[in-house]
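To start, the structure itself, in structure tokens.
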Amino acid sequence: MRYGIIGTGAIGGYYGGKLAHAGKEVHFLLHRDYEFVKQHGLQVDSCDGSFHLDHPNVYGKVEDMPLCDVVLVGLKSVNNHMLPGLLKPLLHQDSLVVLIQNGIGLEDDLQQKMPGVAIAAGLAFICSAKTEPGRVDHQCYGSINFGNYSCKEEGMVPQVVEDFTAAGVEAHLVEYQEARWKKAVWNMPFNGMTVALDTQTDKLLAFPDTEQLIFEQMMEVIEAAQHLGVKNIDESFAHKMIATTKAMTPYSPSMKLDYDFHRPMEIHYLYSRPIEEARKAGFRMPKLEMLEAQLKFLESHRY
């Protein structure tokens, strides 16, 4: 299958790079570092083995890219208003769009804008960053789950899982709604708290009071998911996420990096949308509502 990468950053650069390094046909859309990568290639520094793509297929305009069977979207969700224009030149009748993004409601909104397009969710469990042109820093983890949202071709999403596995990436096929909310259990506490307290994940869990607060925020997400009918999610998952994070390399999540580098934060899909969905189901998340308000304040006072 031919892959297209929209958003060649920490996520798209890593997973697209792994696919290309394994011999898959991959086409990368770049913005700021297009000329650099065209001249120097793409470097992936990885805890699982670094590699360099000498001559990747790179483009500065989506109109120059070929039609793709699978388009992996690694853009920040604050740019999702651009997706219809970016995707339409790449899609044929049977193309699949995979949103490797954080948050709740992403696929719903894209489907409304692009009826009939096959969509899946990509849930990445990875510590990765891109802080300079043409270089991805993969620090730890790296697995990805795929949840089918609207693809009617039964073999398509499993084929993507198979291609990722063949490229050396741990990949699994999962139930869509369960996967989205399980990812939110980690994302909602850690992304916002590292911004609000100007810290990293390890320090939040090294202090008993903030560890307890993280746990209570996780339980708000879990209970919201339960009110929405999500299965296989309970208190044990919160304990698992905390233990996993304690074993991680000290890490600044994507929202903290966005804040530090003066980029817009993904508040809507990471906070406002899940809080709204929970409220519609009759459940409130007061601690995360407070964190959302703090993030909105910080966002509005730094420009």
**Message:** Condition first: more than 12 Å from VAL185 (Cβ to Cβ) and either part of a loop (DSSP other than H, G, I, E, B) or in contact (Cβ under 8 Å) with a residue 12 or more places away in the chain (or both). Now tell me which residues in segment 240-253 satisfy that.
**Reply:** LYS246, ALA247, MET248, THR249, PRO250, TYR251, SER252, PRO253
**Message:** Name the residue that is nearest to the chain's Cα centre (by Cα), counting only residues in segment 246-303 that are within 25 Å of LYS130 (Cα to Cα) and of a type in the set (Val, Ile, Thr).
**Reply:** ILE267
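Go through the residues of segment 121-142 one by one and say whether even a single one is aromatic (Phe, Trp, Tyr) and in a strand (DSSP E or B).
Checking segment 121-142: at least one residue is aromatic (Phe, Trp, Tyr) and in a strand (DSSP E or B).
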**Prompt:** Do you know which residues across segment 2-53 are without any contact (Cβ under 8 Å) to a residue 40 or more places away in the chain, assigned to a strand (DSSP E or B) and either within 16 Å of LEU75 (Cβ to Cβ) or open to solvent by 40 Å² or more (accessible area, probe 1.4 Å) (or both)?
**Reply:** GLU25, PHE28, HIS52
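Which of the residues that make up segment 7-21 are out of contact with any Phe, Trp or Tyr (no Cβ under 9 Å at 6 or more places or on another chain) and more than 18 Å from CYS140 (Cβ to Cβ)?
Within segment 7-21, just GLY7 meets the criteria.
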**Asked** Out of all the residues in segment 86-115, which are assigned to a helix (DSSP H, G or I) and open to solvent by 60 Å² or more (accessible area, probe 1.4 Å)?
**Response** LYS88, GLN112, LYS113
**Item:** Members of segment 264-303 found to be assigned to a loop (DSSP other than H, G, I, E, B), farther than 14 Å from MET218 by Cα and open to solvent by 40 Å² or more (accessible area, probe 1.4 Å), listed by number
**Value:** PRO264, GLY282, HIS301, ARG302, TYR303
**Asked** Is it fair to say CYS140 is closer than 15 Å to ASP48 by Cβ and surrounded by fewer than 21 Cβ atoms within 10 Å (Cβ to Cβ)?
**Response** yes
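Results for (1) open to solvent by less than 10 Å² (accessible area, probe 1.4 Å); (2) under 26 Å from GLU299 (Cα atoms), shown as yes or no for each residue.
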| residue | (1), (2) |
| --- | --- |
| ILE126 | no, yes |
| GLU132 | no, yes |
| GLY155 | no, no |
| MET188 | yes, yes |
**Prompt:** Can you name every residue in segment 206-244 that is more than 20 Å from ALA278 (Cβ to Cβ) and either open to solvent by 60 Å² or more (accessible area, probe 1.4 Å) or modelled with pLDDT of 95 or more (or both)?
**Reply:** ALA206, PHE207, PRO208, ASP209, THR210, GLU211, GLN212, SER236, HIS239, LYS240, ILE242, ALA243
**Message:** Just checking, does segment 74-85 include any residue being in a strand (DSSP E or B), over 13 Å from the mean Cα position of the chain (by Cα) and surrounded by fewer than 21 Cβ atoms within 10 Å (Cβ to Cβ)?
**Reply:** no
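The values are calculated or read from the model by the stated rules, or taken from the named source; none is laboratory data. Note that this is a predicted model, so its numbers are computed, not measured. For neighbour counting, all protein chains shown are included, and Cβ atoms are generated from backbone atoms with ideal geometry for every residue, glycine included. Accessible surface is based on the protein model in full, side chains and every heavy atom, while ligands, DNA and RNA are left aside. Shrake-Rupley method; radii C 1.70, N 1.55, O 1.52, S 1.80 Å.
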